[in-house]
Amino acid sequence: MTYLLKLYVLGKTGKAERAVNNLREICEHQLAGAYELQIIDVLENPQLAEDEKILATPTLIKQLPPPLRRVIGDMSDRDKVLLGLEVHPDTTSSNG
Amino acid sequence: MPHPQEKTPVEKLPTGISSFDVIARGGLPKTRTTLISGTAGSGKTIFAVQFLASGILDANETGVFVTFEESASDIRQNMRSFGWDLQAWEQAGRLALVDASPDPDVEVIESGAFDLGALLARIEHAVRKVNAKRVSVDSLGAIFSQFSDQSVVRRELFRIASALKRMGVTAVLTAERTADYGPVARFGVEEFIADNVMILRNVLEGETRRRTIEILKFRGTDHQKGEYPFTIVPERGLVVIPLSAMQLRQKSSNVRISSGNAEVDAMCGGGFFRDSIILVSGATGTGKTLTVTQFLQGGAAAGERCLLLAFEESREQLFRNATGWGFDFEKMEREGMLRVICDYPEVASLEDWLISIQAIVADFKPQRIAVDSLSALERVGTMKGFREFVIGLTSFIKHQEITGLFTSTTPTLMGGASITETHISTLTDSIILLRYVEMFGEMKRGLTVLKMRGSAHDKDIREFTIDRHGMHVGRRFRNTTGVLAGTPVHVSPSDLERVWSHYDAEPAQTRRPPGARRSTDPRE
């Protein structure tokens, strides 16, 4: 099962950088090799943000697998991100 | 230079919203943000969309609509009833919608710090895309409910407001309030986000709703103060009734027109004045509707179009009555000289009546309007609402140079005055009283011209009769006093002599010359 994730960020801000780093770390631990992450800058692609109805930055959209989920923030609350990805750390082979 | 930093005055952008620009003294402050706060159903969204629609239709100015509450598709659908085709404007590149409404199907989880930068980027993108001059945001309160961290929302709204100013657009932001009289808006910060604040109210008063608009503050520029009634009309949207702004500027005509009855004309010193307002007051059955019928007939005979607004009798009754007095309403209507509108006053609010009367007048362009009776409209609204309606109607009629004849039904059979008269008497140019007079076991009818602004008139109280040919004004009530009060007292000629002997006892210089006509009027 491949995860398709889209992370919408605003420019090259500290918040954007933190979100990207936090998310990559979580994904590498929990979904290694089974995910595709796209990073979209809303300043460069405002129409994409419009089509996806993005309000907050950063916003993570779990496109696949269904159901569609959204997580907003700099991804610093690891449990909330896992909740959004519907990944349960106990049942995966990860060791943290 | 004594004032090197003197600022240029705040420019106004005419919104194009009917009469709103009058109370806003020119429109909304240009390139500024204006908060419109109101309770649910007070018309905020309509104002926000109409602001853009007027720009697109009347001023060739493009717009952006940001919706936090209703979805874009709901907005498109709801606004169709006002004749605004948002979709067509979007396709033509004259309008862009930013849909920031919550999606109930998608769960949003918060994980750490965030901002609303994406929203701002979308608004800026939309403004650039259509080169917008006007932006509406509806409504601020709805965005608070989408996020748990309200301090972030607060901070971000300030950022969006200042970005709107930077972009040089004129913006309208709406906000929810919980009560019509209370805090400006629900979250207590909305009024600080914008430069200007306006309030829309929809107050329940005596079982009727009354909508008003009030400009609370326009930073650095002036506006009319207080609440102004408005109404929401299909195909037009919000229509403001600018009461104080429209009074007493009308022209006054010296041209006389016929009341339709030569004897009444004579009593009025040669007829009514054109663009004057005449009030006919009387108890039920005293001949008010006949006065109206004559007035319309007189108009049609002089080649003037006449409009009758009848609130007491049905069309059939009116036409039958007219036939009974020898007038042919059907023929007048066929020839396009008469239009009759019959309805219960209750079918619409007073504001709506005013707007629909204005629309009928604009369409039919009458020279005469009769309202039978104005007092029937009293029961539709509050006292204040009724007074505003009468002011609005009289002012409108005078501006159009139309002669208006209103009737008022007195609550008591004998004598008396109605609420209508209390409110309207100072607004009218002429007042004619029709009264029952009880004399020696017989009901007679009396008529007097109480007031005739700008003209001499007959001050007698005259008896009149009604037959198959209409109204006949006869002689004045002689040897009788107290006719208007409804309790006439017969005075014998010898008593009259005694009354006058008191006056004769006055010093010689005030004594009347021998043979002078004496009047029973004690005012003389």
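The values are calculated or read from the model by the stated rules, or taken from the named source; none is laboratory data. Given the structure is predicted, the values throughout are model-derived calculations rather than measurements. So basically every Cβ, Gly included, is an ideal-geometry build from the backbone, and we count neighbours across all protein chains shown. What goes into the accessible areas is simple: the full protein's heavy atoms, side chains included, and nothing from ligands, DNA or RNA. Shrake-Rupley method; radii C 1.70, N 1.55, O 1.52, S 1.80 Å.
Once amide H atoms are placed 1.01 Å from N in the peptide plane, what residues at a sequence separation of 5 or more from residue B:405, or on another chain, have their amide H within under 5 Å of its amide H?
Answer set, sorted by chain and number: B:278, B:369, B:370, B:371.
Can you give the FRET efficiency to the nearest 0.05 for residue B:497 and residue B:301, using r as the Cβ-Cβ distance and R₀ = 60 Å? The partial results should precede the final answer.
On the way: r = 46 Å, r/R0 = 0.77.
Calculated transfer efficiency: 0.85.
For the protein assembly as shown, take the alpha-carbon Rg, divide it by the Kirkwood Rh, and send me Rg/Rh.
1.19
Please state the Cα pair-distance histogram of the range B:267-373 with 5 angstrom bins from zero: what percent is in each bin?
The calculated distribution, bin by bin, is 2, 11, 22, 25, 22, 13, 4, 0.
Kindly report, to the nearest 10 Å², the accessible surface of residue A:27 as traced by a 1.4 Å probe over protein heavy atoms only.
That residue has around 0 Å² of solvent-accessible surface.
Solvent-accessible area per residue for chain B at a 1.4 Å probe radius, Å²?
Accessible area per residue: 44 Å².
Volume per residue, Å³, of the convex hull around the alpha-carbon atoms of the range A:15-55?
Hull volume normalised by residue count: 87 Å³.
Mind checking A:65-73 for the average number of partner chain beta-carbons within 10 Å of each residue's beta-carbon? Can you show the working numbers first?
Details: counts 0, 0, 3, 4, 4, 6, 7, 12, 9.
Mean shielding by partner chains, rounded to a whole number: 5.
Can you find, among B:323, B:355, B:299, the residue sitting farthest towards the positive end of the charge dipole of the range B:287-417, where Lys and Arg contribute +1 and Asp and Glu -1 at Cβ?
B:299
Taking each residue in B:99-111, count the Cβ atoms of any other chain within 10 Å of its Cβ, then average. What number comes out?
If you average over the peptide's residues, the count of other-chain Cβ atoms is 6.
Which of the peptides B:49-55, B:229-235 is most tightly packed, and how do the rest follow, judged by the mean count of other Cβ atoms within 10 Å per residue?
Details: B:49-55: 25.7, B:229-235: 18.0.
Descending mean neighbour count gives B:49-55, B:229-235.
Could you compute the net charge surrounding residue B:325? Neighbours are other residues with a C-beta less than 11 Å from the C-beta of residue B:325; K and R count +1, D and E count -1. Write down the numbers at each step before the final one.
Values: positive: B:320, B:468; negative: B:328, B:467.
Once all neighbours under 11 Å are counted, the net charge is 0.
So who's got an amide H within less than 5 Å of the one on residue B:480, skipping anything under 5 residues away but keeping other chains? H placed 1.01 Å off N, in plane.
Residues meeting the criterion, in which the H sits 1.01 Å from N, are B:491.
Per residue of A:76-84, how many C-beta atoms from partner chains lie within 10 Å of its own C-beta, taken as a mean?
Mean shielding by partner chains, rounded to a whole number: 3.
Taking all protein chains in place and a 1.4 Å probe, what share, in percent, of the accessible surface of the range A:14-96 do carbon and sulfur account for?
48
To make sure I understand the rule: partners must be lysines, Cα under 24 Å from the Cα of residue B:398, and not fewer than 8 residues away in the same chain. Which ones qualify?
B:251, B:288, B:365, B:384, B:451
Where a Cα-Cα gap under 19 Å defines reach, which lysines qualify for residue A:12, not counting those fewer than 8 residues away within the same chain?
Once the sequence-local lysines are set aside, nothing remains near residue A:12.
Skipping prolines and chain starts, which residues have an amide H placed within reach, meaning under 5 Å, of the one on residue B:461, given they are 5 or more residues away or on another chain?
Sorted by chain and number, the residues that satisfy this are B:477.
May I ask you to order B:466-474, B:136-144 by the average number of other C-beta atoms within 10 Å around their residues, highest value first?
Ranking the peptides B:466-474, B:136-144 by packing returns B:136-144, B:466-474.
Beyond a 25 Å Cα-Cα separation, which of these cross-linked pairs lie in this structure: A:53/B:12; A:15/B:129; B:12/B:165; B:44/B:217; B:133/B:225?
The answer is A:53/B:12; A:15/B:129; B:133/B:225.
With θ set to phi - 60° and the Karplus curve 6.51 cos²θ - 1.76 cosθ + 1.60, what are the ³J(HN,Hα) couplings of the range B:435-449 in order, to the nearest whole Hz, using x for Gly and Pro?
After applying 6.51 cos²θ - 1.76 cosθ + 1.60, I find 9, 6, 10, 8, 9, 6, x, 9, 8, 10, 10, x, 9, 9, 8 Hz.
Provide, in order from the shortest bin, the percent of all Cα-Cα pairs of the range A:1-71 in each 10 Å bin, continuing until the bin that contains the maximum pair distance.
21, 53, 25, 1
First check a/c for the range B:318-372, with a ≥ b ≥ c the square roots of the eigenvalues of its C-alpha gyration tensor; if it is under 1.5, answer rounded, and if not, answer prolate when a/b is larger than b/c or oblate otherwise.
Values: a/c = 2.99, a/b = 1.58, b/c = 1.90.
Here the range B:318-372 falls in the oblate category.
Is the shape of chain B rounded, prolate or oblate, going by the alpha carbon gyration tensor and its root eigenvalues a ≥ b ≥ c, with a/c under 1.5 for rounded and a/b larger than b/c for prolate?
prolate
Let me know the whole percent of all Cα-Cα pairs from the range B:123-223 that are separated by more than 25 Å. Don't jump to the answer; show the numbers that get you there.
Details: 1416 of 5050 pairs.
Taking all Cα-Cα pairs of the range B:123-223, the fraction more than 25 Å apart is 28 percent.
Just to check I understand the Karplus step: with θ = phi - 60° and J = 6.51 cos²θ - 1.76 cosθ + 1.60, what whole-Hz values come out for the range B:135-147, glycine and proline as x?
9, 10, 10, 9, 10, 4, x, 5, 7, 4, 6, 7, 10
Charges on Cβ only, +1 for Lys and Arg, -1 for Asp and Glu, centred on the Cα centroid of the range A:10-96; of A:64, A:40, A:75, which one is farthest towards the dipole's positive end?
It is A:75, whose Cα lies furthest towards the positive end.
Enter the buried accessible area of the A/B pair, total of both sides, probe 1.4 Å, in Å² rounded to the nearest 100.
2300
How much FRET efficiency would the formula 1/(1 + (r/R0)^6) give for residue A:17 and residue B:129, where r is the Cβ-Cβ distance and R0 is 30 Å, rounded to 0.05?
0.55
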